[in-house]
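Working notes, beginning with the structure itself.
Here, each number is a calculation from the coordinates, and none is a lab measurement. These figures come from a predicted structure and were not determined experimentally. In this analysis, Cβ positions are derived from the backbone assuming ideal geometry, glycine residues included, and neighbour counts consider all displayed protein chains.
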């Protein structure tokens, strides 16, 4: 538990499924990889103006780093601060590889799939009136994508321990959305998608 905060929400997100929830300013969202090596695709939006959404380009350029970790800020298109990483047991999370999709699986792996992070985002964002236009380049928590000197990049195997977590403080009222990645054609989930836990902690008055 975070000092001075009490839990107001705790849910287990099953393997391959999505989740979305409004997180109030000052609350802390904690995402925990329960069994280890489970990628979590993530987006966030200004809850009162969801057209102002997480911007990978602003987040990377302002901080001068393609990875997220402790102290990283997630910026919106407007430049507004949406969320800040206040706890992180990993130290490096991907911002460039985006989410898997059915067309992308066909292009990359030559396979026809029926589930993807893109599909999960479509499902969980629809109740908030958001469609495909809201699905932009996302954060991939717990996913390693090293970039080599020649510019090549790819999903790397990462021996992440069960219980790995990242905690994000909401710096504005936000809509947080995630996909507990179903990908089975690269090592981001250790070829075995597993459940995660999401919690929201509220600062005491």
Neighbouring Cβ atoms within 10 Å as the yardstick, rank 165, 61 fewest first.
-> 61, 165
Per residue, the convex hull enclosing the alpha carbons of the stretch 5-203 has a volume in Å³ of 111 Å³
Cα point-scatterer Debye curve for the stretch 48-98, base-10 log of I(q)/I(0) at q = 0.23, 0.27, 0.32 Å⁻¹ | -0.84, -1.07, -1.29
Additional length obtainable on full extension of the chain from residue 22 to residue 70, 0.36 nm per residue less Cα span | 15.0 nm
Arranged by the count of other C-beta atoms within 10 angstrom, fewest first, what order do 139, 62, 166, 198 take?
-> 62, 198, 166, 139
Name the most mobile residue of 170, 76, 126, meaning the one with the largest mean-square fluctuation, in a Gaussian network model of the chain with Cα contacts below 10 Å.
-> 126
Would you mind putting 143-149, 37-43 in packing order, based on average other-beta-carbon counts within 10 Å, highest first?
-> 37-43, 143-149
